[in-house]
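The values are calculated or read from the model by the stated rules, or taken from the named source; none is laboratory data. Note that the structure is predicted; figures quoted are calculated from it, not measured. Because the Cβ atoms are built from the backbone with ideal geometry, glycine has one as well, and the counts that use them run over all protein chains shown.
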Amino acid sequence: MKFSYFPGCTLKNKAKDLDRYALRCAEALGVTLEEIENWQCCGGVFTTAKDEIATKLSSVRILKAAKDKEQPLVTVCSACHNVVKQTNHAILTDKEFSDKVNRYMADDGRYDGSTEVYHYLEMLRDLVGFDALREKVKSPLSGKKIAAYYGCLLLRPGSVMKMDDPENPSIMEDMIRAIGAEPVIFANRNECCGGYVVMESPSLAEKKSGDIVRNAKVQGADMIVTACPLCRYNLMKNGADIPVIYFTELLAEALGVKEDTNE
Amino acid sequence: MQVKEYKPLIVAFCCNWCSYAGADLAGNNRLNYPAEVKIIRVPCSCRVNPMFILRAFQRGADGVILCGCHPGDCHYTSGNYFTRRRMAMLFSMLDFLGIERERTRVEWVSAAEGAKFAATMTEFAEQVAALGENKRLEDLRCKK
Amino acid sequence: MQRIGVFVCWCGSNIAGTVDVAAVADALKNEPGVVFSTDYQYMCSQAGQDLIVSSVKEYSLTGLVICSCSPRMHEVTFRKTAAAAGLNPYMVEIANIREQCSWVHKEMPIGTEKAIILGKAAVAKVNLNAPLTPGESPVTKRALVIGGGIAGIQTALDIADAGFPVDIVEKKPTIGGKMAQLDKTFPTLDCAACILTPKMVDVAQHENVRIFSYSEVTDVKGFIGNFDVTIKKNARYVNEDICTGCGDCVTKCPQKKVPNEFNLGMDNRSAIYIPFAQAVPKVATIDPAHCTMLKTGKCGVCSKVCKAKAIDYTQKDEYITEKYGAIVVATGFDPISMDKFDEFAYSQSPDVITSLEFERLTNAAGPTAGKLLRPSDGEHPQKIVFVQCVGSRCDSCSEKGKEYCSKICCMYTAKHAMLTRDKYPDTEVYVFYIDVRTPGKNFDEFYRRAVEEYGVHYIKGMVGKVTPEGKKLMVRASDLLDGKQLNIDADLVVLAAAIEPDKSARSLATMLTASMDTNDFFTEAHPKLRPVESPTAGVFLSGTCQGPKDIPETVSQAGAAAAKVIGLLAKDKLKGNPCVASSDELMCNGCSSCEKVCPYGAITYEDKEFRMPDRTTRIRRVASVNPAVCQGCGCCTVACPSGAMDLRGFMNEQIMAEVDAICK
Amino acid sequence: MNKKYLRDDIIRMSGVNPKKCMRCGKCSGTCPAYDEMEYHPHQFVSMVENGDIEPLLSSDSLYRCLTCFACAERCPRGVEPAKLIEAVRLTAIRRQGANRLTPSDIPAMLDEDIPQQALVSAFRKYTK
């Protein structure tokens, strides 16, 4: 299996673990992720205003690059996934937007919205399969009680992201089960951590992240996993006294590829 | 030859349950509308075969209006939906033939809308009168 | 050629004031077919009718044109007159020269001219009229009621009391429906079982009622007065006739871990079970999905303990066919699934429950014997939050909920809140509402009592998120009037789930060719004037299958449906409307166009043998209209590409003749 | 700017139909930033519909919305208040000199671990 891969800027800087383990796990699972060339930052957030065109062009170029290679696109950062997926959806459903975008894209060629966009988790579930994953597990993480924290970007808007039930998701829990650990379901797993508003109002982020960590702990978790660097930052900064790690790191541990072998 | 004021000839098909009753109500309330409008009673607007409308134009009618129950209120559940579709097709064909769109109309008039019936007929008659005589489809053999 | 008489009515001065009636009569004299023409002051009076009768005799008339008021007024009168004169009643046409002429035009010349044209059109039509005789069909004097909830029970009782046999088909092992699961009923707070179970016994013991429980309707053929219905009696592996309902098998059954549907899965029952103590019929049923004997062939305990020898592991599904004159649909409702509303954490915590589950928790016969205890730990809840409109009043594009108001939730929530405060005054009760809708006798008074006397906290706003945390349910909600966001640490959250029609209703509607709306509620023949009849003749609607309803409304609709059924069954023969569609078999090419547009399913196809010109025979598929089912809309006549289909009384050539007469 | 023009422009930009709102308040019942806001999600919907937009434009509430889409996801009527708030915020920051965040503000906000994503997002939300 070969896919185009878009890491995004944070994964090349503060969230290197998310990227590194994603690639190693893919390799262990027999998946080739080909990083697309000359990619630009997705913009971090999708602007919902219908008249915002230029800010979405970098995402369109990412999608176009995958289309040129006739590969599905895989992302791993929640924010990148949200922006790319929403942009693709807008191209498919909003003709006016699509026309405007394609006027900018004249030099690169038209993009019609036909690239399939998968989050890494969706790739695991729909293309690799959790059963296949279970078979590849080298060191099952049995006994660990892990809370999967989705945040908002992976699931919402549900009608666009279509990853899972936005109020009762199970994709990360299923992954946790597949690698032998016990998922802890907590209701605040799809509540916002405070996001970028941490820049504007650190107290809000502190309160929101605190609610999430407390809820996870009361429900019995001894570790939280996430797919988003900003979520991880907010949770860690605001009082998490249990480990908060990327889901790819957890996966790498189970697949036995966590320790550096070639560095 | 005596020059008469031009009066259009208008055929109105009315469904028995809503529009015909609406026309009766207009009468009960003594609401005037032009005498050029002649009503033909049909059980449901969906009984109106496009042939009837073509026939009316062929015989010299200047306008044809078709009235039925409001969508969703059809006495026969769904008849007026068929009417709406059939007439959309017919009117676009007539348009193609050069019969102005303004000469044909589908209107929903309920049994309670006597005033709407009278107002619709008055307005439609004026609209048709403004177009003048329908010569395009008239069968000259039918002319006296 | 017809011999037509024209009778122009003055209607006092109503017509004669604006129309020169004599001139109209005179002008119509010369129309083809007219042999006699006259005018008279009041044609509908006895003298006027006598004039018509004598003229028919004197001039040997075969058709009549009455220029008078609207046919909606006096068409029936003049048809009777024609019949009295020995004519076919359908040889009469009315020219409406009052409502549509004299009353809307002011000037005599204009009115007269138009009246003449309308008269001419009527004459042209009568020339093509043919005598019509309404078809007759016999009525099977037996009714079928589908669904054995309070709606079905009430309808069946009323029909049976009028002396007609009734069968009830209920898919569950017992009748009683949703009402049997309720605790108390608003606004009087009498217990549901106390008022329902006597009715269940009445209906079971009624000599005119048969109950097919654990059964389904699988096929419906025929039409009003003459339905042939196939009923599938599911195998219950217990001989109903000899089971005494003693319950020995139930206590001895070793498989006791089956979720109990009657208590909505909040406790368990055995694989052989009687749904509840007052079940009707009170016989055991084996659940084949959980019975060890039926699954593996190893057990047989129930058979051993049954003194009546009623257990029969070899029982098979049985099919019965029966004839009915009328069918009443009373399929009821279900609360919608809460799967899509997990912001309220229904799937995450056992302490988030639906209102129907709350009913069972407070019911003396429920899983907690009527004590209000939290499902998670059996402790008494100190703070309860009720959430209204969960899944009701959603956007039409919503994939989660329903667009309509479920109607009953405001009242039962007020009831739940009030009863909780009454029994447990130490419990804090919050009700989050968007609107409190209480239109009904003594309803608003009831709701106000909950607030004023019982101290229930009604808060205008909606719950946005429920977070189970430890033993608590953290409820985040808005208080719109105070402009606050509230965080309540509740012990129990009760969701007023929207209600939807029972899932079996859709396939039943197809069988009955009865129409449904987009929400799968059955459509009534007229929303105001025929609310208990389906547009399909002979099919009647009772209870929530037609739309959300509370118990009083359901019972009154059930009675109304029964009255309609009794009115139908009281007739020996049904006279149809003779103005129905009919197909010319020689022209029909069997294309099915007419069948597709018929809203009543009145058109079927049959293979018929035709003699060809060369004396061979050929079998062709042709349309055939059932005149008892056809309502005469004429939609099929327009759909027919070959012109084979026509509508009696409004034939193509008749309407064409009217057009010609008007446009001349 | 003309009040009606402003209202229509915001509605068009957001693609939201505020008339669909049935005033249930679920958006404000679920909003995680409620306590930090002067105007709450349901008020954005009704105030935009009423053309009462100037108070919103000058309110800090615009910059407290997390765009977490909880209000949009949970709205029974499909109104999507988050998109309206975004449209009002863009209207505010697109005005001359109205950028909420300037590059010179950044150094004070930085710490060792803050991911680039936060800076990029904040710039996109707070700056034209």
TODO: Check the range D:75-86 and report whether any residue there is of a type in the set (Val, Ile, Thr), in contact with a Phe, Trp or Tyr (Cβ under 7 Å, 6 or more places away or on another chain), assigned to a helix (DSSP H, G or I) and not assigned by TED's automatic domain parsing to the domain that holds residue D:122.
DONE: yes
- [ ] Pull up the range C:647-664, narrow it to residues that are within 10 Å of another protein chain (Cβ to nearest Cβ) and acidic (Asp, Glu), then point me to the one that is nearest to the chain's Cα centre (by Cα).
- [x] C:658
Open item on the list: Restricting to the range A:130-153, name every residue that is out of contact with any Leu (no Cβ under 8 Å at 6 or more places or on another chain) and within 30 Å of residue D:71 (Cα to Cα).
Closed with: A:147, A:148, A:150, A:151, A:153
Task: Any helices (runs of 4 or more DSSP H) falling wholly within the range A:21-110 and containing at least 1 residues that are buried (at least 18 other Cβ atoms within 10 Å of the Cβ) and of a type in the set (Lys, Arg) - done: A:57-68, A:78-93
Task: Selection from the range A:152-204 of residues that are over 21 Å from residue A:124 (Cβ atoms) and more than 10 Å from chain D (Cβ to nearest Cβ) - done: A:186, A:187
Open item on the list: Just to be sure I understand, how many residues within the range D:18-74 are assigned to a helix (DSSP H, G or I) and either acidic (Asp, Glu) or not assigned by TED's automatic domain parsing to the domain that holds residue D:88 (or both)?
Closed with: 6
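Just give me the residues in the range C:98-126 being touching a Gly at 6+ places or on another chain (Cβ under 7 Å) and either modelled with pLDDT under 95 or facing chain B (nearest Cβ under 10 Å) (or both), in sequence order.
We begin by selecting, within the range C:98-126, every residue touching a Gly at 6+ places or on another chain (Cβ under 7 Å); these are C:98-105, C:123, C:126.
If the condition is that a residue be touching a Gly at 6+ places or on another chain (Cβ under 7 Å) and either modelled with pLDDT under 95 or facing chain B (nearest Cβ under 10 Å) (or both), then C:98, C:99, C:100, C:101, C:102, C:103, C:104, C:105 are the ones that fit.
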TODO: Give the residue, chosen from A:143, A:158, that is of a type outside the set (S, T, N, Q) and either under 13 Å from the mean Cα position of the chain (by Cα) or within 17 Å of residue A:250 (Cα to Cα) (or both).
DONE: A:143
TODO: Collect the residues in the range C:457-510 that are in a loop (DSSP other than H, G, I, E, B), at the interface with another protein chain (Cβ under 10 Å from one of its Cβ atoms), within 37 Å of the chain's Cα centre (by Cα) and of a type in the set (A, V, I, L, M), keeping them in residue-number order.
DONE: C:462
Open item on the list: Which numbered condition in (1) away from chain D (no Cβ under 14 Å); (2) within 27 Å of residue D:9 (Cβ to Cβ); (3) in contact (Cβ under 8 Å) with a residue 12 or more places away in the chain; (4) out of contact with any helix residue (DSSP H, G or I) (no Cβ under 8 Å at 6 or more places or on another chain) is the only one that residue A:94 fails?
Closed with: (1)
Open item on the list: Of all residues being more than 8 Å from chain C (Cβ to nearest Cβ) and among the aromatic types (Phe, Trp, Tyr) in the range B:6-37, which is surrounded by the most Cβ atoms within 10 Å (Cβ to Cβ)? Just the residue, please.
Closed with: B:13
Task: Set C:412, C:447, C:433: member being under 27 Å from residue A:188 (Cα atoms) and crowded, with 20+ Cβ neighbours inside 10 Å - done: C:433
Open item on the list: Give all pairs with beta carbons closer than 8 Å in which a residue from the range A:1-29 that is within 15 Å of residue A:78 (Cα to Cα) meets a residue that is outside any helix (DSSP H, G or I) and small (Gly, Ala, Ser); count only pairs at least 6 apart in sequence or on separate chains.
Closed with: A:18/A:227
Open item on the list: Please determine whether any residue of the range D:60-70 is over 23 Å from residue C:436 (Cα atoms), touching a Cys at 6+ places or on another chain (Cβ under 9 Å) and within 12 Å of chain C (Cβ to nearest Cβ).
Closed with: yes
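In the range C:75-89, what residues are assigned to a helix (DSSP H, G or I) and more than 14 Å from every other protein chain (Cβ to nearest Cβ)? Please lay out each step first, then the result.
From the range C:75-89, those assigned to a helix (DSSP H, G or I) are C:75-84, C:89; that's our starting set.
C:77, C:78, C:79, C:80, C:81, C:82, C:83, C:84, C:89, listed by residue number.
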Open item on the list: Being surrounded by fewer than 19 Cβ atoms within 10 Å (Cβ to Cβ) and either in the same structural domain as residue C:95 (by TED's automatic domain parsing) or under 30 Å from residue C:3 (Cβ atoms) (or both) is true for just one of C:141, C:106, C:120. Which residue is that?
Closed with: C:106
- [ ] Could you tell me whether the range C:377-396 includes any residue that is in contact with a Gly (Cβ under 8 Å, 6 or more places away or on another chain), of a type in the set (Asp, Glu) and not assigned by TED's automatic domain parsing to the domain that holds residue C:543?
- [x] yes
Open item on the list: So if I check each of C:417, C:450, which one is away from every other protein chain (no Cβ under 11 Å), in contact with a strand residue (DSSP E or B) (Cβ under 6 Å, 6 or more places away or on another chain), part of a helix (DSSP H, G or I) and in contact (Cβ under 8 Å) with a residue 12 or more places away in the chain?
Closed with: C:417
- [ ] Evaluate the following for residue B:52: is it within 7 Å of chain C (Cβ to nearest Cβ), among the hydrophobic types (A, V, I, L, M, F, W, C) and either under 23 Å from residue B:86 (Cα atoms) or without any contact (Cβ under 8 Å) to a residue 60 or more places away in the chain (or both)?
- [x] yes
- [ ] Give C:276, C:333, C:341 a once-over and let me know the one that is buried (at least 18 other Cβ atoms within 10 Å of the Cβ), under 30 Å from residue C:629 (Cβ atoms) and hydrophobic (A, V, I, L, M, F, W, C).
- [x] C:333
TODO: Answer yes if at least one residue in the range B:41-51 is of a type outside the set (S, T, N, Q), part of a strand (DSSP E or B) and closer than 25 Å to residue C:594 by Cα, and no otherwise.
DONE: yes
Task: Members of the range A:17-42 found to be under 23 Å from residue A:61 (Cα atoms) and out of contact with any strand residue (DSSP E or B) (no Cβ under 8 Å at 6 or more places or on another chain), listed by number - done: A:19, A:37, A:38, A:40, A:41
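Among C:122, C:95, which is the only one that is part of a helix (DSSP H, G or I) and closer than 20 Å to residue C:664 by Cα? Don't jump to the end; show me each part of the working.
On the way: C:95 fails: part of a helix (DSSP H, G or I).
None of the other options fit; the residue is C:122.
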Open item on the list: Going through A:50, A:85, A:69 one at a time, which residue ends up being more than 9 Å from every other protein chain (Cβ to nearest Cβ) and more than 16 Å from the chain's Cα centre (by Cα)?
Closed with: A:69
- [ ] Answer with yes or no whether residue B:60 is within 30 Å of residue C:126 (Cβ to Cβ), within 11 Å of chain C (Cβ to nearest Cβ) and at pLDDT below 95.
- [x] yes
- [ ] May I ask you to list pairs of residues, at least six apart or on different chains, whose Cβ atoms are under 6 Å apart, with the first in the range C:567-582 being over 9 Å from residue C:628 (Cα atoms) and the second being at pLDDT 95 or above and in a strand (DSSP E or B)?
- [x] C:568/C:326; C:581/C:645; C:581/C:647
Task: Counted residues, the range C:639-658 - those being in contact with a Lys or Arg (Cβ under 7 Å, 6 or more places away or on another chain) and either of a type in the set (Asp, Glu) or without any contact (Cβ under 8 Å) to a residue 12 or more places away in the chain (or both) - done: 2
